[in-house]
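Chemist: Just passing along the structure, written as structure tokens.
The values are calculated or read from the model by the stated rules, or taken from the named source; none is laboratory data. In this text, all values refer to a predicted model and were calculated from it rather than measured experimentally. Here the Cβ positions follow ideal geometry from the backbone for every residue, glycine too, while neighbour counts run over all protein chains shown.
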Amino acid sequence: MYYCLMYRNEWLKGSLKTIILKLLSDNSRMYGYEITRMVEDLSENNIQLTEGALYPALHKLESQGLLRSEKVNIGKRVRKYYSLTTKGQAEASKNLEEYFGFVRTMIVLLSNKPATT
Amino acid sequence: MSLTEIQIIIIEQELRESGLDHLPLFDEMVDHICCMVEANLNLGCSFQEAKQLAFEKLGPKEINEYQKQTDFLLQQNKILMKRITVAVCFIAGACLMISSFLYAQNVPSIMPLSNYEITSTFGMRTDPYTKEKRQHWGIDLKAPMGTPVLATADGIVITVENQPNGYGKYVVIEHEDNYQTRYAQLSEQNVAVGSKVTKGKVIGLVGSSGRSTGPHLHYEVIRDGKRIDPISILEDS
């Protein structure tokens, strides 16, 4: 189970990058748990990211140079904060714009009835 | 509400037992679970309950998935390490080659004749004239009269002289790293003082021009002002 089954996995899977980039462009730095909480809050608990999906996605974006991370000691444990690189900022705004375009197109596509042939 | 050190250790242990053994990702997961436990504590749970809830949410399936998904990262690290290793080996190899090349050019590491017979080695020997035991400060290479004599390393000619009762016609070349080489008993000296020579260049011809019983080259290597056995620094020795 990648996500809480409020929505189908495959829909969310393709949206995860957009979600992460958008949250990080609104917040200078975040750690993994903070991201899951914020997604729950903003989606009114309709979307729950799971660890098995979120962290690999974060690491992948980091390896692609879109995110950078820093480790901060919190008492006896280590917290890894993620933030956008310059490349990540550019990608975030481009990605969001494209995503909205995609959603609008999908609404049009799925709302219209095909003309009878 | 913040977890105590012991509570964190308990969580770490339980996480290890769950099978999450990828160390680079372990700390991050510990922090995540600690956050979950803290949130549950804030709702009024006991630590045991809070921990149990957190691990229920993060079941073994989820941990497996997490591990599977992050395997590629470790693989990437391995590939990176491999690349770094290859690069380091390459650079080390290149340095070695360059230094051995420089060594080979500057150090008299070849023989001054292409065809020869060693008739007398470095060290104590019976003098062919006096039949007394004496130190021999070079090596004697027997070769036909007129055989070309080669510079054994890059350098500058510092002496071109004739000592009929000793070295005969001889040439001394100075090399880097405080090396000098002496080529004696020549029939001809084909270089002048101050000329630059490269390794393998003909500097004279074999003869018997000094204190000698027949055509041969008397060859000496001098390091830091002391004569050493030329054989000891040959490339293949």
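Chemist: Quick one: would you say B:Ile33 is within 42 Å of the chain's Cα centre (by Cα), surrounded by 10 or more Cβ atoms within 10 Å (Cβ to Cβ) and at pLDDT 85 or above?
Modeler: no
Chemist: Kindly indicate whether B:Gly210 is without any contact (Cβ under 8 Å) to a residue 40 or more places away in the chain, in contact with a strand residue (DSSP E or B) (Cβ under 8 Å, 6 or more places away or on another chain) and surrounded by fewer than 19 Cβ atoms within 10 Å (Cβ to Cβ).
Modeler: So B:Gly210 does not fit the description; no.
Chemist: Being among the small types (Gly, Ala, Ser) and within 25 Å of A:Ser63 (Cβ to Cβ) is the filter here; which residues of segment B:75-107 pass it?
Modeler: If the condition is that a residue be among the small types (Gly, Ala, Ser) and within 25 Å of A:Ser63 (Cβ to Cβ), then B:Ala87 is the only one that fits.
Chemist: Can I ask one more? Just to confirm my filter: which strands (runs of 3 or more DSSP E) fall fully inside segment B:91-199 and include at least 1 residues that are farther than 16 Å from B:Tyr219 by Cα?
Modeler: It comes to B:123-126, B:133-136, B:155-163.
Chemist: Taking B:Tyr129, is it within 31 Å of the chain's Cα centre (by Cα), modelled with pLDDT under 85 and of a type in the set (Ser, Thr, Tyr)?
Modeler: no
Chemist: Please find, within segment B:203-226, the residue that is farthest from the chain's Cα centre (by Cα) out of those that are closer than 25 Å to B:Ser100 by Cβ and in a strand (DSSP E or B).
Modeler: B:Ile203
Chemist: Got a sec? Which of A:Tyr55, A:Tyr7 is in contact with an Asp or Glu (Cβ under 7 Å, 6 or more places away or on another chain) and of a type in the set (Phe, Trp, Tyr)?
Modeler: Just one listed residue meets the conditions, A:Tyr55.
Chemist: Also: Quick one: count up the residues across segment A:58-79 that are modelled with pLDDT of 90 or more and crowded, with 20+ Cβ neighbours inside 10 Å.
Modeler: 5
Chemist: Name the helices (runs of 4 or more DSSP H) wholly within segment A:26-117 that hold at least 2 residues that are at the interface with another protein chain (Cβ under 10 Å from one of its Cβ atoms)?
Modeler: Answer list for segment A:26-117: A:32-42, A:51-63.
Chemist: Is it the case, given these coordinates, that B:Ile79 is away from chain A (no Cβ under 11 Å) and either modelled with pLDDT of 85 or more or closer than 30 Å to A:Gly65 by Cβ (or both)?
Modeler: It is true that B:Ile79 is away from chain A (no Cβ under 11 Å) and either modelled with pLDDT of 85 or more or closer than 30 Å to A:Gly65 by Cβ (or both).
Chemist: If you check B:Ser109 against the conditions, is it outside the structural domain of B:Val171 (by TED's automatic domain parsing), on the phi < 0 side of the Ramachandran plot and either touching a Ser or Thr at 6+ places or on another chain (Cβ under 6 Å) or in contact (Cβ under 8 Å) with a residue 24 or more places away in the chain (or both)?
Modeler: yes
Chemist: Further question: Is it the case that A:Arg68 is free of Cβ contacts under 8 Å to residues at least 60 places away in the same chain, among the basic types (Lys, Arg), over 19 Å from B:Ala39 (Cα atoms) and touching a Phe, Trp or Tyr at 6+ places or on another chain (Cβ under 9 Å)?
Modeler: Considered against the rule, which asks whether it is free of Cβ contacts under 8 Å to residues at least 60 places away in the same chain, among the basic types (Lys, Arg), over 19 Å from B:Ala39 (Cα atoms) and touching a Phe, Trp or Tyr at 6+ places or on another chain (Cβ under 9 Å), A:Arg68 comes out as yes.
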